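Accompanying notes for the structure given below.
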Amino acid sequence: MNIFLKEAQELQPEIIENRRHIHEDPELGFDLPNTRSFVKERLRACGYEPRELGGGIVCTVGQGSPVLMLRADMDALPQTEESGEIFSSKNPGVCHSCGHDGHTAMLLAAAKILKKHESELEGTVKFMFEAGEEILSGCQRMIDEGVLEDPKVDAAMALHANIGNPDPRRSTPGNFSYCAREASASGDEFHIHITGRAAHSSTPNEGISALSIGVNICNQLEQLVALNVPSDQNFVLAIGSMKSGTAANIIPGEALIKGTLRGYSNEYRAAVKQRIEAIARNAAETWGGTATVDYPIGVSPLINDTEMAKEMAGYAEDVCKKVSVIPPLPASEDFAEMCQFVPVFFGNIGLGSPEDGYEFSHHNPKLRMDESGLYYGTAVFCSCAFNWLKNHHK
């Protein structure tokens, strides 16, 4: 048996214990005092000197170059847990329904194992425990505050739990899956603010209907991707909300449209955003109103480095039952901001198959995790880190 798989398997009770502790006390966004305290306590117990950075935590093992960063996210979601687990959330309205508790527990165990093998490492492993991933802000904040420096990071890797997926390659414990290049879609939320002029419905000519302008904008946006983006780009623009008006007999003077844009190309992402702004502005001006667009949330597409992905998949094969290449994922992931600066590898570890009773997937308050697969994630982290450093050491 592979040494890292063996040592991870031996730590399985501890991985589960740590995961359940974090799961029971979920926290949101950057407000993670208990989670941060717990992670730092566990790292210190292994001989690390963790420090807070950008709302998260960093520490290193080994020395010199190259430097590979391993990342796990720590924050939960604003949902009321319905999993029925005996260790369910004790914090009302907050629960770990995306698997971040498992990510953190797997990386803590990897830190413990790699510390044991520190003298054998041919470079440095940097650990990044991130806050604020669910609000797509944590990774960029840590980058802005220097996570890629001191020591300078050469490449980065992250894993995500895959639960409830009917494809057994993805969700069965012991199975590992990854995307050869495009790994997850960009995610931009857009808000279109429309201003017209309110009037009584008996004299609509005296007003400028923000509602009518909004309907025109929505109709044009529905055609935008089809007429402006090549079909092989897999872009999706979806309008989720339009609010306007307060009464049946008043022409509304204000309207607000909310929607999202997802795709795998930063080039077309920028072009479509420009078209959204042009459509909104021109449609409003045509009817005498005004419209402005803002993007309160935005994250880039996550693009795996093709050579790194192939290499890391090979190291994963040493510890997993099955490794599979899968199509790009339509969801968004803020680790994507990392690939703007260094080569990255993002993989998926199976932690619950519907065939085994884990039918609910991410962001569902009924989500449960098959903890029998956790040690495989730890082993993947260790195998990839150890061997990548060895292969890239100069």
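The values are calculated or read from the model by the stated rules, or taken from the named source; none is laboratory data. What you are looking at is a predicted structure, and each value in this text was computed from that prediction instead of being measured. Neighbour counts are summed over all protein chains in view; Cβ atoms, including those assigned to glycine, are modelled from backbone coordinates with ideal geometry.
The table below lists the values:
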item	result
Pairs with Cβ under 6 Å, 6+ apart, first in the range 97-123 and within 16 Å of residue 18 (Cα to Cα) and in contact (Cβ under 8 Å) with a residue 24 or more places away in the chain, second acidic (Asp, Glu) and assigned to a helix (DSSP H, G or I)	113/7
Among the residues listed as 148, 224, the single one being surrounded by fewer than 22 Cβ atoms within 10 Å (Cβ to Cβ), assigned by TED's automatic domain parsing to the domain that holds residue 111, among the hydrophobic types (A, V, I, L, M, F, W, C) and in contact (Cβ under 8 Å) with a residue 40 or more places away in the chain	148
Residues within the range 140-157 that are more than 15 Å from residue 56 (Cα to Cα) and touching a Phe, Trp or Tyr at 6+ places or on another chain (Cβ under 9 Å), tallied	4
Cross-chain or 6+ apart pairs with Cβ under 7 Å, the range 252-266 first and free of Cβ contacts under 8 Å to residues at least 40 places away in the same chain, then aromatic (Phe, Trp, Tyr)	none
Output for the range 242-278, where each listed residue is among the aliphatic types (A, V, I, L, M) and closer than 11 Å to residue 214 by Cα	242, 255, 256, 257
Exclusive hit being modelled with pLDDT of 95 or more and either touching a Cys at 6+ places or on another chain (Cβ under 9 Å) or crowded, with 16+ Cβ neighbours inside 10 Å (or both), set 62, 93, 84, 47	62
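For (1) at pLDDT 95 or above; (2) under 30 Å from residue 168 (Cα atoms); (3) more than 27 Å from the chain's Cα centre (by Cα), each residue gets a yes or a no:
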residue	(1), (2), (3)
251	yes, no, yes
255	yes, no, yes
258	yes, no, no
273	yes, no, no
305	yes, yes, no
308	yes, yes, no
330	no, yes, no
335	yes, yes, no
